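The values are calculated or read from the model by the stated rules, or taken from the named source; none is laboratory data. Predicted model only: the values in this text are computed from it and were never measured. Positions of Cβ are generated from backbone atoms using ideal geometry, with glycine treated the same way; all protein chains shown enter the neighbour counts. Just the protein is used for accessible areas: all its heavy atoms, side chains included, with ligands, DNA and RNA removed. Shrake-Rupley method; radii C 1.70, N 1.55, O 1.52, S 1.80 Å.
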Amino acid sequence: MNDWPDDNDAMEFLRRADPVDHQRFALPQDSAVAQATFEEITGTPYNTGADPGLLL
Amino acid sequence: MACAAHAAGPCPAGAARRPLSLSGEAERQFRQLFDAHYRLVVAYARRRGRTLPAAEDIAAETFLVAWRRVGEVPPPPDTVAWLLGVARRVMANDRRTDIRRDKLLARLAQLRPTTDPSTAHTVAATRHHQVVLDALALLPAAQVEILQLAAWEQLTHSQIAVVLGCSTNAVAIRLHRARLALNAQLMKT
């Protein structure tokens, strides 16, 4: 492996080699684990913060 | 969830699980923080070799600290860095994930990039990615950490300084050395 012209290229390959794409993880509003976490921390249901208009 | 306040200092025994009441404004601030950054904190732990359940536990403990210290959370662009700094301390203190460094790095080397074959990624690019991960796993832990923060979390020097608790100048120097070390390692492979 000797085709790395400079360290910037190595960093770019490192960036692209990110093993985890956080965009693939569920958002809190779609994750039961995240919502349970929120509720345990705050003592309030996760959905109480939803826009009241959306609940109608 | 175990006592997470150890990341922020000692807490009264038994108080860790008792929800702390906040003002409406502080609660709204925490909810925004949680919604905006929960995935990033989970990803941060996953990138450092934690399983998904362990990463979710680390996120939970991180946000418990954020809940208790919501008034200290800095505004953007330092918000993420502050959270990752807490997550870093949670991971360092978490006995359940007290895995030896070489074991973590071995797992790091086994991770594969999230390559989508339907995109323009080529086989050669994927091979390069793995070569980089293999080279990364051979570097000292401190260099691995700063390279990951720069490349994967894509933090600026000043944000990395918040995470690591050092000066921006120190980050610039350490990152420069780490990049040279990564490049040197790549040249050997």
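Table for the structure above
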{"item": "Restricting the stretch B:32-58 to residues that are more than 8 Å from chain A (Cβ to nearest Cβ), open to solvent by less than 30 Å² (accessible area, probe 1.4 Å) and part of a helix (DSSP H, G or I), the residue that is farthest from B:MET91 (Cα to Cα)", "result": "B:LEU33"}
{"item": "Count - residues of the stretch B:59-81 that are buried (at least 23 other Cβ atoms within 10 Å of the Cβ) and among the acidic types (Asp, Glu)", "result": "1"}
{"item": "Yes/no for A:PRO5 being at pLDDT 80 or above and part of a loop (DSSP other than H, G, I, E, B)", "result": "no"}
{"item": "Subset tally (residues that are crowded, with 18+ Cβ neighbours inside 10 Å and either within 14 Å of B:ARG47 (Cβ to Cβ) or free of Cβ contacts under 8 Å to residues at least 40 places away in the same chain (or both)) for the stretch B:169-189", "result": "6"}
{"item": "Test: residue in the stretch B:82-97 that is within 9 Å of another protein chain (Cβ to nearest Cβ) and either at pLDDT below 90 or open to solvent by 10 Å² or more (accessible area, probe 1.4 Å) (or both)", "result": "no"}
{"item": "Some residue of the stretch B:159-168 being at pLDDT 95 or above, within 14 Å of chain A (Cβ to nearest Cβ) and surrounded by 18 or more Cβ atoms within 10 Å (Cβ to Cβ)", "result": "yes"}
